[in-house]
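Written out below as structure tokens is the structure these notes cover.
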Amino acid sequence: MPELTVTAPIAERTYDRYVREDRVHRLLYTDPEVFATEMVRVFGGRSWVYLAHESQLPQANSFLSVRMGLRPVIVTRDKDGRIRAVFNRCSHRAATVCREESGIARSFQCPYHGWTFNNTGELVGTPWPKGYGPGFDKGRLGLTPVTRVETYRGFVFGTMNADAPSVADWLGPATPWLDYWIDRGPGGVVVRSAAHRMGYRGNWKLAFDNAGDGYHPAFSHRSLLAVASRMGDSKDMAYFGRTPDEGPMRAYMLGNGHSVLDQRPNYQGLGSFWANQRPQPGRERFEELVRSRYPGDADRLLDLCVGSQINLSIFPNLLVIGNQIQVIEPLSVERTQLTWNATTIGGVPEEVNTMRMRTQEDFPAFGEPDDQANFEEVQRGLAATEVEWVYMNRGLDVDGWQEVGADGVVSTAITDELHMRHYYAQWLLLMNEA
Ligand code: FES
Ligand code: FE
């Protein structure tokens, strides 16, 4: 597991006082200056940041508007198929040159004064060129590229760090978890639909805190668990409600702030993901249909209709949850957008993907609002300036919870707040680098 040591000289380690072993300071969620620094150092410093999934750029000249922190970015696939990313920021007077979410374009003409850039970023035309003297150098006025763009099996990341390790190295022990998720689709994963977007009035880290939090479901998602429990003891997520630390689930710390909650040990054998899924409209009829059309393969296909049963958090902004790709998009210190992209998979009958889409409507509709209500209430609570600390001390010094695996990965009980302690070490490392 990569080291999480702070390498900056002591004098520059200005954020150390905000992070202690068992707690973080409220200012990390409320201070606009902390937020502004995060946008530079966490979403633009040494780290890789998730930008897009390749399938969102399906053909030559496809483009997608995204953000890298607050920076507007256009991810493009050029005419030769190569994926690039450039800042969506006109080199003339800074207007965004692309105002569409996605589409096909060989070039972008800035709507302000009409400068035109091709989709690799070069400036190819300015209106009425006689107005520029001999010192005007089009070659120096292209759109600024994201320093490096790299793809890991369809997941596109960008960094401003020319010396960053490869994405695969940076993902490190997270790669087998992402591989598991990708390999569930025998014919690859495709991001379907535009997106399910939700905004909340709270800091972006509240979503990252929560993504690796196995402590909250029994309380935050009480109504969802009650519905599941009525259908049987082992229904999806019901296991979070009863002494979950004594069950088989584990959380794994994967280095560089990444972690995963593994719910799969709650399920045994082919067909068990499907058998324990929460109720869905038309589910019984659908199962009959799949069993009659694909006898002999029905259990495998039905399992692919429901979530992966892992929650993989890739710091700082990518959450792979169930079958979805969720992106955390900070808007301001107290405003965040969460974008959920539903996925389909290749190599399966179309019925499987239809049911996957139904499954993917479930949690964003019935579970995520519970979480976002709490994010907003945390932000409201943080307004009590006299109470300074936010605790992440569950599991700290608890005998027998944390184990180091042969690969150096630390695993622990599912309600341990180690996920927060782990990623804040990475956060601190990035924030302390001037
Ligand atoms: Fe883009 Fe002027 S700001 S052309
Ligand atoms: Fe939740």
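Just so you know, all these numbers are worked out from the coordinates, no wet-lab data involved. Quick caveat: nothing in here was measured; it's all calculated off a predicted structure. Heads up, the Cβs are rebuilt from the backbone with ideal geometry, glycines too, and the neighbour counts pull from every protein chain shown.
What the table shows:
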item: Simple spin-label estimate for residue 242 and residue 184 in nanometres, 7 Å along Cα-Cβ; result: 2.4
item: Longest to shortest principal axis, alpha-carbon extents of region 369-420, angstrom; result: 43, 28, 16
item: Karplus-derived HN-Hα couplings along region 370-378 (A = 6.51, B = -1.76, C = 1.60, θ = phi - 60°), whole Hz, x at Gly and Pro; result: 4, 5, 5, 4, 5, 4, 5, 6, 4
item: Unmatched cysteines, the chain - criterion: no other Cβ of a Cys under 4.7 angstrom; result: 98, 305
item: Euclidean distance of C-alpha centroids, region 273-351 and region 128-148, integer Å; result: 46
item: ³J(HN,Hα) computed for each position of region 382-392 - Karplus, 6.51 cos²θ - 1.76 cosθ + 1.60, integer Hz, glycine/proline x; result: 5, 5, 6, 5, 6, 9, 8, 10, 10, 8, 9
item: Which of 60, 118, 95, positive extreme of dipole for region 52-159 (C-beta unit charges); result: 95
item: Within region 42-82: backbone nitrogen closer than 15 Å to the residue 433 label point (7 Å, Cα to C-beta); result: 42-50
item: Cα pair distances of region 1-154 binned at 5 Å [whole percent]; result: 2, 8, 15, 17, 15, 12, 10, 9, 7, 4, 1, 0, 0
item: Amide H contacts under 5 Å for residue 250, placed H, 5+ residues apart; result: 262
item: Table column - 3J(HN,Hα) (Hz), region 70-77, Karplus curve with 6.51, -1.76, 1.60, x for Gly and Pro; result: 8, 5, x, 10, 10, 8, 10, 10
item: For residue 102, distant residues with modelled amide H under 5 Å away; result: 65
item: Folded to 0 to 90 degrees: helix 350-366 orientation relative to the chain principal axis, Cα; result: 90
item: 5 angstrom amide H check on residue 315, placed H, neighbours 5+ away; result: 258, 259
item: Near-label residues of region 110-140 by backbone N, under 16 Å of a point 7 Å along Cα→Cβ of residue 79; result: 117-125
item: Degrees separating the helix 418-431 axis from the principal Cα axis of the chain, which is the longest one; result: 10
item: The chain: angle of helix 283-293 to the longest principal axis, Cα-based, in degrees nearest 10; result: 90
item: Cut-off 20 Å (backbone N to label point 7 Å along Cα→Cβ of residue 291), residues of region 246-273; result: 268-273
item: Förster radius 22 Å - calculated FRET efficiency between residue 380 and residue 36 (Cβ-Cβ, nearest 0.05); result: 0.50
item: Alpha-carbon Rg/Rh ratio, for the chain, with Rh computed the Kirkwood way; result: 0.99
item: Spherically averaged projected area in nm², based on the convex hull that wraps the Cα atoms of region 98-255; result: 15.4
item: Cα-centre dipole for region 223-262 with unit charges at Cβ (Lys and Arg positive, Asp and Glu negative), debye to 20; result: 120
item: Stretch gain in nm, segment residue 140-residue 95, where the contour uses 0.36 nm per residue and the Cα spacing is subtracted; result: 14.5 nm
